[in-house]
Amino acid sequence: MSEAHHPIQLVSRLTGLSMHVIRIWEQRYNAVEPQRTPTNRRIYTQSDVERLNLLREVTQAGYKVSQVAQLPMEKLRQLAAESAAGDRRAFPPVTEAPAPASLLDDCVVAIKALDANALEVILKRAATVLGALGLLQRVIAPLSQALGEMWRDGTITTAHEHFATAVIRTVLGNATKAFGVPAHAPLLLVATPAGQVHELGALLVAATAVNFGWRVTYLGANLPAAELAGAAQLSQARAVALSLVYPEDDPQLEGELERLCDALPPETALLVGGRAMPAYRDTLEQAGAIPVENLAHLGATLDGLRTSRQPTHRKARR
């Protein structure tokens, strides 16, 4: 049975872990490496299930998942046996501030309950513990991805996603007010292109750019290429950043991206990231846009653009 393959819903029932926790342990700690179906669904082996069960046991005993996620199976079995016997000498129990995974779980609970006050308190606590960039990169970014997956799985509704976006927008807006960005700082326009209506990723981009000393004009979701290019020309923006989240197979989006690349001034860089970005990578690279892998990469890219005033080299569409 070692080659049996299980969907994440079944693995959640077999391990007693929420699907959200399984994803976080995979993404942040590489605890397991599930295969993917042609439709990009996670598939787990029986060995993965055993590993997750062992990790659940030792983390419940007080060990940090970051300490044990990479241990070989034999060592995990040993720790689980020692924990069952009351012996915790291998690692000390956790006594520090809540880990991001715990904060994420708390956020998900608040979102499912549509509890705005609770969600705001959790996010503010995360900002205190992790700092501004830590909040963005370690809490809100993985939370955004988890919400997208839960929406696609039917675990939450569109109303839950809109609720979370509204609360996070308020929290990020209040947090970025503390940054005194000078008037001469480079300007970044942030939006999602036509057909892309999920804007949480774009809000993350905007907040990250402010942290890196950029002036930001947020244009919202579902904006046509012509209007984006017009805004860039009017404002003399140094760069435009787009977030692509869903869908990943929009037949109209490639044309929109090409038209935007053609219409932007040569000195205006085009940065494109988000969950769905890899599906359009070839189009972006051929047109001279800059694919952005994550928020850390975004920060490095923005820093590079600040020190270079060279025109971008986007290729005209033939």
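At a glance:
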item: Among Glu26, Glu149, Glu74: highest mean-square fluctuation, GNM of the chain, C-alpha pairs under 10 Å; result: Glu74
item: Förster-model FRET efficiency, 30 Å R0, Asn117 and Asn294, C-beta, rounded to 0.05; result: 0.50
item: Alpha-carbon Rg/Rh ratio, for region 184-318, with Rh computed the Kirkwood way; result: 0.91
item: Pair Ser102, Thr307: separation of 7 Å Cα→Cβ label points (nm); result: 3.9 nm
item: Segment Ala226-Gln252, length gained on full extension (0.36 nm per residue, minus Cα span); result: 7.9 nm
item: Compactness relative to 2.2 N^0.38 Å, alpha carbon Rg of region 5-84; result: 1.04
item: Long-range Cα-Cα pairs in region 100-174 (distance over 14 Å), rounded percent; result: 56 percent
item: Efficiency of FRET from Cβ geometry, Ala159 and Gln233, R₀ 51 Å, rounded to 0.05; result: 0.85
item: Sequence-distant residues sharing a close amide H with Gly288 (under 5 Å, placed H); result: Lys315
item: Whole-number percent relative contact order across region 181-306, with pairs defined as alpha carbons under 8 Å at least 6 apart; result: 27 percent
item: Crossing angle, helix 225-235 versus the chain [Cα axis fit, 0-90 degrees, rounded to tens]; result: 70 degrees
item: Chain lengthening between Gln46 and Lys177 when straightened (0.36 nm per residue, less Cα-Cα); result: 42.3 nm
item: Backbone HN-Hα couplings from phi across region 269-277 [Karplus 6.51/-1.76/1.60, Hz, Gly and Pro as x]; result: 7, 10, 10, 9, x, x, 4, 8, 4
item: Whole-Hz couplings from phi, Karplus 6.51/-1.76/1.60, listed for region 213-221; x for Gly and Pro; result: x, 9, 6, 10, 10, 8, 9, x, 9
item: For region 8-14, 3J(HN,Hα) per residue [Karplus equation, 6.51 cos²θ - 1.76 cosθ + 1.60, θ = phi - 60°, Hz, x = Gly/Pro]; result: 5, 4, 5, 4, 4, 5, 6
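Each reported figure results from applying straightforward, stated rules to the coordinates on display, with no laboratory input. What you see is a predicted model, and the numbers here were worked out from it, not measured in a lab. All Cβ positions, glycine included, derive from the backbone under ideal geometry; neighbour counts span all protein chains shown.
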